[in-house]
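Chemist: Input: one structure, supplied below.
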């Protein structure tokens, strides 16, 4: 066992550790998803097909708050736009072909891109991307199932306080990715928009408004740095 660990490259070891740390959040998602009204298999399918934690938490957060399916989908889609931008980076690093391109698209997420981007050697970039992507995918889906089965046994989410836990879980997933003043400022403004909007707009719209504000602030920040 020890020799196997030593045989892994630094990028692979980092990818596995990132996979474990992120995958554990799947327990929260699975439990929250079923207490929000999804079945165990719907929660599992959402993790396997959507497979982007922030978007998944946004989706069930809107559903749990009484929002319409369209609002939940819109919120999840807005938060998932960044993955399309990651795809440009992944394609440049990996240059995948055929079926590998489909697999790369599925596991192009924050964790796989961050692990790959932290490497100096092109081979290590590829190892980091695939190891982190595969580890997160397997463990996220495994722990989603575990959490869904556990959440199904808990019953009414309001009894355990789980009706408000989606926001806390989402922030827990987001916060480690924030570094520097600009991302934190964006997060604070988006949170303020959400708090101000909750009392005056229908369920589901606050998170959409917050995502739009975050996207506009990010776009403005990128434009200002290009000048």
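No value in this document is a laboratory result; all are computed from the given coordinates. Treat the numbers as computed from the prediction; the structure is a model and nothing was measured. Counting neighbours? That spans all protein chains shown, and the Cβs are built from the backbone with ideal geometry, glycine included.
Chemist: Evaluated at 37 °C with a viscosity of 0.692 mPa s, what Stokes-Einstein diffusion coefficient in µm²/s does segment 18-123 have when Rh comes from the Kirkwood expression over alpha-carbon pairs?
Modeler: D, rounded to a whole number, is 220 µm²/s.
Chemist: Simple spin-label model, 7 Å along Cα-to-Cβ: residue 101 to residue 69 in nm?
Modeler: 3.2 nm
Chemist: Could the peptides 109-117, 134-142 be put in order, highest first, of the mean number of other beta-carbon atoms found within 10 Å of their residues?
Modeler: 109-117, 134-142
Chemist: Compute the distance from the alpha-carbon center of segment 20-84 to that of segment 94-120, in whole Å.
Modeler: If we compute the Cα centre of each part, the gap is 22 Å.
Chemist: What is the extension gain from residue 121 to residue 84, computed as 0.36 nm multiplied by their sequence separation minus the C-alpha to C-alpha distance, in nm to one decimal? Write down the numbers at each step before the final one.
Modeler: Numbers: separation 37, 0.36 × 37 = 13.32 nm, distance 2.40 nm.
Roughly 10.9 nm would be gained on extension.
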